[in-house]
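K.L.:
This is the structure, below, for whatever I ask next.
The values are calculated or read from the model by the stated rules, or taken from the named source; none is laboratory data. All of these numbers come straight from a predicted model, not from anything done at the bench. We place every Cβ from the backbone using ideal geometry, glycine too, and count neighbours over all the protein chains shown. Side chains are part of the model used for accessible areas, which takes the heavy atoms of the whole protein and leaves out ligands, DNA and RNA. Shrake-Rupley method; radii C 1.70, N 1.55, O 1.52, S 1.80 Å.
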Amino acid sequence: MNPQDPLSQLRDIHLPATGGFWPPAPGWWLLALILLLSLAGLCWLLHRRHRRNRWLRLAKAELSGLEHQASHEPQWFAHLNSLLKRAARQRYPDKHPESLSGEAWVAFLLSTAPNDRIASRPIVEAIVHSSWLPKTNADPRQAADFARSWLGGQAW
């Protein structure tokens, strides 16, 4: 014992041992649970959206196949018209587009088209009236372009 140096009598500071990594505190468990529930909800929403837009992917794939077989034959325009009818039934179920024909169907397609409705009228009329005409002079590429813009032109 040294009476001249009282600090030499003190012991070193010893900190207690930390709790370690495991087990986590309750707040970390709560955060992990919230993250897992959020991830599960996000996966469910994405799956639901993917399933809900399946008809649109199938319609676009069928349109792509029709574009490769484009011809001025009335049957080609009839297939395109049928594709648009099926897509309209899925997209606008409350308006019952499957019951429309002739000018009412043309008006419906033009009213629901995203843009350039006036310039598209002859093309839409050719698509709709093709099954009644022996030969059409409409351009199948323009008809396919209209169908592509009608299918993908608006937000779902």
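K.L.:
Can you tell me which of (1) outside any helix (DSSP H, G or I); (2) free of Cβ contacts under 8 Å to residues at least 40 places away in the same chain; (3) open to solvent by less than 100 Å² (accessible area, probe 1.4 Å) is the one Ser71 doesn't meet?
P.N.:
(2)
K.L.:
Got at least one residue in region 53-64 being farther than 22 Å from Arg89 by Cα and either surrounded by 10 or more Cβ atoms within 10 Å (Cβ to Cβ) or not basic (Lys, Arg) (or both)? Let's see the steps before the verdict.
P.N.:
To start, the set of residues in region 53-64 that are farther than 22 Å from Arg89 by Cα comprises none.
No, the conditions are met nowhere in region 53-64.
K.L.:
Here's a follow-up. Here are some conditions: (1) surrounded by fewer than 17 Cβ atoms within 10 Å (Cβ to Cβ); (2) part of a helix (DSSP H, G or I). Ala144 meets all but one. Which one does it not meet?
P.N.:
(1)
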